[in-house]
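Asker: Sharing a structure below in structure tokens format, with a few things to ask.
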Amino acid sequence: MIKREWGEKILSGEKTLEIRYGSCSAHKGERIGLCYSGTGCIYGFVDLVESIGPLTPQEWWELRHKHCVTKCCRTVKELPYGGRTCGWVVTNPQRLE
């Protein structure tokens with residue numbers, strides 16, 4: 001489940017990193033569906049290339065532009081999910097009609 005705003009950015013190819021509380025290594029290399037919160041519908045698919053982390057504050061600071069976030073963290077020391085912040089690298093978005 002993902003908020004529509006972020007799902008749309010992923011499906012447009014603008015956002016290539018999804019930040020979550022925890023790893024998704026078990027699904028590395030798989031095609032996964034994007035379901036928007038509150039809808040119960042799949043709006044598209046992406047390939048999960050890699051699950052990285054937990055991220056260090058420095059790694060998150062350097063990768064945050066791929067997540068399309070600018071305001072969440074004001075300093076290099078802040079992590080969205082503390083010490084469990086992981087990044088899911090996605091590619092090859094396909095929007096469903």
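Asker: Enumerate the pairs (first residue in segment 34-50 and within 10 Å of N92 (Cα to Cα); second residue anywhere and among the small types (G, A, S)) with beta-carbon separation below 6 Å, excluding pairs fewer than 6 apart on the same chain, so at least 6 apart or on different chains.
Answerer: Listed by first residue and then by second, the contacts come to F45/G33.
Asker: Could you tell me which of the residues E59, E97 is surrounded by 14 or more Cβ atoms within 10 Å (Cβ to Cβ), at pLDDT below 95 and over 12 Å from the mean Cα position of the chain (by Cα)?
Answerer: Only one candidate qualifies: E59.
Asker: So the check is Cβ under 6 Å with 6+ separation or different chains; which pairs have a first residue in segment 72-97 that's at positive phi and a second one that's modelled with pLDDT of 85 or more and assigned to a strand (DSSP E or B)?
Answerer: Short answer, once both residue conditions are applied: N92/D47.
Asker: Applying the selection to segment 9-32, what residues are farther than 14 Å from V69 by Cα and open to solvent by 60 Å² or more (accessible area, probe 1.4 Å)?
Answerer: S12, Y21, S23, S25, A26, H27, K28, G29, E30, R31
Asker: A further question follows. Pairs only if they're at least six apart or on different chains, beta carbon under 6 angstrom, first in segment 1-13 and within 17 Å of Q94 (Cβ to Cβ) and of a type in the set (A, V, I, L, M, F, W, C), second modelled with pLDDT of 95 or more and open to solvent by 60 Å² or more (accessible area, probe 1.4 Å); list them, first residue then second.
Answerer: From segment 1-13, the pairs are L11/R95.
Asker: Any idea how many residues of segment 38-51 are open to solvent by less than 50 Å² (accessible area, probe 1.4 Å) and within 26 Å of G82 (Cβ to Cβ)?
Answerer: Going through segment 38-51 one residue at a time, the tally reaches 3.
Asker: Also, I was wondering about something else. Could you identify the single residue in C35, C73, C86 that is at pLDDT below 90, open to solvent by less than 40 Å² (accessible area, probe 1.4 Å) and not polar (S, T, N, Q)?
Answerer: Being at pLDDT below 90, open to solvent by less than 40 Å² (accessible area, probe 1.4 Å) and not polar (S, T, N, Q) holds for just one of C35, C73, C86, which is C73.
The values are calculated or read from the model by the stated rules, or taken from the named source; none is laboratory data. The structure presented is a predicted model; accordingly, all values stated were derived computationally and were not measured. When we count neighbours, we look across all protein chains shown, and the Cβ atoms used for this are built from the backbone with ideal geometry, even at glycine. Heavy atoms of the whole protein, side chains included, go into the accessibility calculation; ligands, DNA and RNA do not. Shrake-Rupley method; radii C 1.70, N 1.55, O 1.52, S 1.80 Å.
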